[in-house]
Amino acid sequence: MKHFIRLVAASAVAMACMMAVADAGPTTTATDAVRGIKPTNQIKPQFHKRLVRLATDEAPGTIIVDTNNKFLYLVEGNNRATRYGIGVGRDGFGWSGVVNVGRKAEWPTWTPPAEMRVREAKEGHKIPPFMPGGPDNPLGARAMYLYQNGHDTIFRIHGTNQPWTIGLNLSSGCIRMMNQDVTELYDRVPVGTKVIVVGPGNKQGEVSYQDRGVDVLRTLFGLGG
């Protein structure tokens, strides 16, 4: 069954996400997971990690992203999933589709694309051409690079140096998580993991349920809790 990424705006094809075009930085020990974590008391309670009901036929280990409601689900099996709060793309940068984790990096470096630097410069924001991995890097503690048919989609699941943005539409299409959450997810999912992203612009039709809108996701998966 053919799956594809459906970008809400054509410009999103050419635009890297806020944390895109990142390269793997120097790796560190497992204990560095606590580095870069800022207080999370500014985050709404519903966006903290919890175990929830998720009625789905997707295999354990599958990632399901509900961008409308700002949740990422890791399927555990037996109609249960671990739910994490996320931050997603702002208007014009939403997307959806079925992809997979193509590669992973700890404390990745960040090389913002030229288009982003030009765009942000017009808003009076100066973005450096390169930033090494570390607690002040906008990619956060970990990055999982999303691929389709062996090609980098330019979108990522990654941490953040601004945890208070979880639950908001602020990025250019990437999926942001709190550093402690993305570190846990990173350790649990291997390269090749299936990722289903359900976002704006998807409606019911003669396509597989993985490519439909969040209304169908709620119906089929019984999201909530």
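A few points about this structure:
- Of everything in segment 120-163 that is part of a loop (DSSP other than H, G, I, E, B) and on the phi > 0 side of the Ramachandran plot, the residue that is surrounded by the most Cβ atoms within 10 Å (Cβ to Cβ) is G140.
- Residue ID - surrounded by the fewest Cβ atoms within 10 Å (Cβ to Cβ), chosen from residues in segment 92-119 that are under 22 Å from N179 (Cβ atoms), modelled with pLDDT of 85 or more and out of contact with any Leu (no Cβ under 9 Å at 6 or more places or on another chain): R103
- Pairing each residue of segment 160-183 that is farther than 18 Å from I63 by Cα and modelled with pLDDT of 90 or more with any residue that is basic (K, R) and part of a helix (DSSP H, G or I), provided the two are 6+ apart or on different chains, yields no C-beta distance under 8 Å.
- Selected residue [touching a residue at least 60 places away in the same chain (Cβ under 8 Å) and either among the basic types (K, R) or at positive phi (or both)] from R117, R53, R80: R53
- Residue list for segment 120-159, restricted to those being aliphatic (A, V, I, L, M) and without any contact (Cβ under 8 Å) to a residue 40 or more places away in the chain: A121, I127, M131
- Yes/no for T193 being surrounded by 15 or more Cβ atoms within 10 Å (Cβ to Cβ) and at pLDDT 90 or above: yes
- Within segment 50-91, the set of residues being basic (K, R) and either crowded, with 16+ Cβ neighbours inside 10 Å or assigned to a strand (DSSP E or B) (or both) comprises R50, R53, K70, R80, R83.
The values are calculated or read from the model by the stated rules, or taken from the named source; none is laboratory data. Predicted model, so just to flag it, every value in this text is computed and none were measured. Cβ coordinates were reconstructed from backbone atoms using ideal geometry, including for glycine residues, and neighbour counts include every protein chain displayed.
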